[in-house]
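K.L.:
This is the structure, below, for whatever I ask next.
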Amino acid sequence: MLLDENHVSFLTGHGLGRLATVAPDGGPQNKPVGYRYNADLETIDIGGFAMERSAKYRNIAANPQVSFVVDDSVGPGAEGTRFLEVRGRAEQVPAGADGGPLIRIHPARVIGWNVPGHPGLHTAGPRPAAGPGAAG
């Protein structure tokens with residue numbers, strides 16, 4: 001399990017994150033989104049009004065690589081800043097009996113800063129391949 005209980009607690013303690021997708025021109029698109037952690041599938045599920053007509057929903061059909069960030073500030077400076085970034089593969093989930101449509105993120109890499117239970121910088125999952133433009 002890539003997301004441990006501390007990560008899940010941080011995610012479930014918030015309700016707003018930012019989803020970055022790759023636009024058709026190769027540029028980034030970053031939008032605030034509501035989400036929920038799906039404990040049964042160990043995924044992050046993002047829903048919303050008219051999701052199937054949104055650019056982010058279309059973007060993941062062409063390029064499923066995404067980055068999702070949840071952050072907050074609990075005090076001054078770097079010590080009071082916390083974030084959890086989840087990188088992974090997203091899929092379109094059509095409307096079904098339990099709602100939808102939605103974007104479902106399958107975590108592949110986690111990067112965090114001062115998430116409770118993980119002080120300072122921490123990572124989990126495979127590192128991206130080195131190369132031009134590669135960053136951790």
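K.L.:
Within the range 11-31, take every residue that is touching an Asp or Glu at 6+ places or on another chain (Cβ under 9 Å) and outside any loop (DSSP other than H, G, I, E, B) and give me the one that is farthest from Asp72 (Cα to Cα).
P.N.:
Arg18
K.L.:
Right, next: Which residue is farthest from the chain's Cα centre (by Cα), if the candidates are limited to the range 64-73 and must be open to solvent by less than 50 Å² (accessible area, probe 1.4 Å) and not aliphatic (A, V, I, L, M)?
P.N.:
Only one residue tops the list, namely Asp72.
K.L.:
Of everything in the range 58-91, what is in a strand (DSSP E or B), closer than 20 Å to Gly47 by Cβ and without any contact (Cβ under 8 Å) to a residue 40 or more places away in the chain? Give them in sequence order.
P.N.:
The answer is Gly88, Arg89, Glu91.
Quick grid of which residues meet (1) open to solvent by 70 Å² or more (accessible area, probe 1.4 Å); (2) within 24 Å of Gly125 (Cα to Cα):
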site: Leu19; (1), (2): no, yes
site: Pro28; (1), (2): yes, yes
site: Glu42; (1), (2): yes, yes
site: Gly48; (1), (2): no, no
site: Arg58; (1), (2): yes, no
site: Gly75; (1), (2): no, no
site: Gly88; (1), (2): no, yes
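K.L.:
Which residues, counting only those in the range 1-14, are loosely packed, with under 11 Cβ neighbours inside 10 Å and either modelled with pLDDT under 95 or among the hydrophobic types (A, V, I, L, M, F, W, C) (or both)?
P.N.:
Hit for the range 1-14 is Met1, nothing else.
K.L.:
Now a separate question. Could you tell me which residue of the range 90-107 is nearest to Ala50 (Cα to Cα), considering only residues that are surrounded by fewer than 16 Cβ atoms within 10 Å (Cβ to Cβ) and among the hydrophobic types (A, V, I, L, M, F, W, C)?
P.N.:
Looking at residues that are surrounded by fewer than 16 Cβ atoms within 10 Å (Cβ to Cβ) and among the hydrophobic types (A, V, I, L, M, F, W, C), I get Ala95.
The values are calculated or read from the model by the stated rules, or taken from the named source; none is laboratory data. Quantities reported herein were computed from a predicted structural model and do not represent experimental measurements. Please note: Cβ atoms are built from the backbone with ideal geometry, for glycine as well, and neighbour counts cover all protein chains shown. Areas reflect the complete protein model, heavy atoms only, side chains present, ligands, DNA and RNA absent. Shrake-Rupley method; radii C 1.70, N 1.55, O 1.52, S 1.80 Å.
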